[in-house]
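Single-structure report; data block below.
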Amino acid sequence: MCPEEILSISLALLFLIPFLILMVPLPRENPVPIGEKMPRATEDSFAFWNGTHAFIMGGSDEKEVLLDNIWLFDPETETVTTLEERLPYPMDRFAAVYTGRYVFIYGGYNGSHLDDIWRFNPETRTFTIIRYEPTRYSSGLSR
């Protein structure tokens, strides 16, 4: 082999080896046991971490059925629980943000496009509608 061929093969291996390593399935030491089945396959869901638990909200399933479920994942016990509390209605494609205290949910889709705003309190697990009262020159939120 000439030096150019050796260099080409070396460079190819240099770039190929990391990809091969990523493709090798690694054994799991501790598969995650779950208290009940994991949330079904969903899309367009919202998830947030409150410091102790992960909440997964809404979305739609593989048959495009809209969901109003809220699931709670506890990493300490490695369990997933379906909460009794639900979203105000089944919906997906909503915008949401967790502020560290509340989750604000805006819009979404439930067969038609939504334009309301909801506040979710993870501690009390309650929803409150936030009234939107636009003014002549600007929009705003009121309680």
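Quick check: is even one residue across the range 94-116 over 12 Å from F48 (Cα atoms) and either basic (K, R) or touching a helix residue (DSSP H, G or I) at 6+ places or on another chain (Cβ under 9 Å) (or both)?
no
So which residues in the range 29-49 are in contact with a strand residue (DSSP E or B) (Cβ under 7 Å, 6 or more places away or on another chain) and at pLDDT 55 or above, if there are any at all?
Passing the criteria: M38, P39, T42, E43, D44, S45, F46, A47, F48.
Being of a type outside the set (D, E, K, R) and surrounded by 15 or more Cβ atoms within 10 Å (Cβ to Cβ) is the filter here, so list the residues in the range 67-78 that pass it.
L67, N69, I70, W71, L72, F73
Using the structure shown, decide if E64 is assigned to a loop (DSSP other than H, G, I, E, B), loosely packed, with under 13 Cβ neighbours inside 10 Å and modelled with pLDDT under 90.
no
Taking the range 106-128, which residues are more than 20 Å from E64 (Cβ to Cβ) and of a type outside the set (D, E)?
Y106, I117, W118, R119, F120, N121, P122, T124, R125, T126, F127, T128
Identify the residue in the range 69-96 that is more than 25 Å from I117 (Cα to Cα) and among the charged types (D, E, K, R) and, among all such residues, is nearest to the chain's Cα centre (by Cα).
D74
The values are calculated or read from the model by the stated rules, or taken from the named source; none is laboratory data. The structure presented is a predicted model; accordingly, all values stated were derived computationally and were not measured. Positions of Cβ are generated from backbone atoms using ideal geometry, with glycine treated the same way; all protein chains shown enter the neighbour counts.
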